[in-house]
Every structure is written in C-alpha cells, then in structure tokens.
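To keep things clear, I will list the structure first and then write my remarks on it.
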Amino acid sequence: MPPRKVSTSSSNKNKTPVPSYDFTDQVGHLLRRAYQRHVAIFQQTIPDSQLTAAQFVVLCAVKERQSCSLSEIVRATAIDQATVRGIIERLKARELIAVSHDPSDRRKVVVTVTPAGLALIDQTIPFAHQITEQTFGDLNPAERVAITYLLKKMSEFDEREPGA
C-alpha cells in the first residue's frame, strides 16, 4: 500500500503533521460494506422472504441450545438485547419459536424452537451454505481460511479483554 499523504496547513506548520484519512480504507467501513453485501445476498437467495439474516441466526442459536434465555441469545449472536427482543416477537408471531417462563424463576423468559421453526431452519441451511459461498466470491481457499480466522480473532478480542 502506498504511504499516506500528510496534510499540513499554514495554521499547523509547527505541529506534527496529521496523516490524511481515507474512510474507504478503514476496517469499520470495509467490514460494513462486506456485511451489507452479505445481507443483500442473503435476502436475494433465501426462499423465505420474511426471514432476515438476524432472525435466522437467532433461530440457529436457539436450536443449538434447545432452550435458552434472552441473555444467552444475546451472548451467542452478538445482537443487542433490544434488537433480540424484537426478533423474538416477530419469530413468535410466526410461530417459529415458543416463549415461556422458567418454572424456577418466573422472571426469566425461556425460548425454544417450534417444529415449524425447526423445519424452516432445515429448509434454509442449504441456502445458507450457498450464501456463504457467494459472500466469499472469488476468494481462493487460503484467503477464505484467512478471512474466517481473522474475523473470528477480531470478534473474540472483547471476550479475552478483562473488563471489556
């Protein structure tokens, strides 16, 4: 990558030069662009036009745990609590999940996948594999392994940091 141009103005000639900032080279922007592309591919490919990528992730997380609380879903999916609540309401309205209270703690909400939800997951998984392939695009096998490894490493960073 070529070195960054340094901008100086007459008012800061005696100060340390500040490297220019191209937002299109920033990791956050690049991640957002890649995610937007992935979501667009998901919406174009998935057979159920009402199912969003976030809803599918929540369904898969609940299925994997068989039964779980909202906080467990938040931790598993990295989707914020308010958004998870909305997703749960929409999936419940479609009868893809069931919501009940924990018998030992009535304040705790327990979420399970219904038979209709399980059927939708099973129907969607082959498409999810296609979506992953399309998202990877022309990346070669080594690049696919590298980007997957790096994204996992970046997303697990906060979990390793004490107090994060």
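The values are calculated or read from the model by the stated rules, or taken from the named source; none is laboratory data. Here the structure is a predicted model, which means the values were calculated and not measured. For neighbour counting, all protein chains shown are included, and Cβ atoms are generated from backbone atoms with ideal geometry for every residue, glycine included.
Summary table below
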{"quantity": "Given (1) modelled with pLDDT under 95; (2) under 22 Å from F42 (Cβ atoms), index of the condition D138 fails", "calculated": "(1)"}
{"quantity": "Among residues of region 80-119, those that are touching a helix residue (DSSP H, G or I) at 6+ places or on another chain (Cβ under 8 Å), among the aliphatic types (A, V, I, L, M) and more than 16 Å from L51 (Cα to Cα), counted", "calculated": "4"}
{"quantity": "Residue list for region 43-79, filter: in contact with a helix residue (DSSP H, G or I) (Cβ under 7 Å, 6 or more places away or on another chain), of a type in the set (D, E, K, R) and under 15 Å from V110 (Cα atoms)", "calculated": "K63, R65, E72"}
{"quantity": "Filter result (under 13 Å from L59 (Cα atoms) and assigned to a strand (DSSP E or B)) within region 105-129", "calculated": "V111, T112, V113"}
{"quantity": "Odd one out for A119, checked against (1) surrounded by fewer than 17 Cβ atoms within 10 Å (Cβ to Cβ); (2) modelled with pLDDT of 95 or more; (3) of a type in the set (A, V, I, L, M, F, W, C); (4) under 19 Å from the mean Cα position of the chain (by Cα)", "calculated": "(4)"}
{"quantity": "Pairs with Cβ under 7 Å, 6+ apart, first in region 27-46 and farther than 15 Å from I147 by Cα, second assigned to a helix (DSSP H, G or I) and of a type in the set (A, V, I, L, M)", "calculated": "V39/A53; I41/I131; F42/A53; F42/I131; T45/I131"}
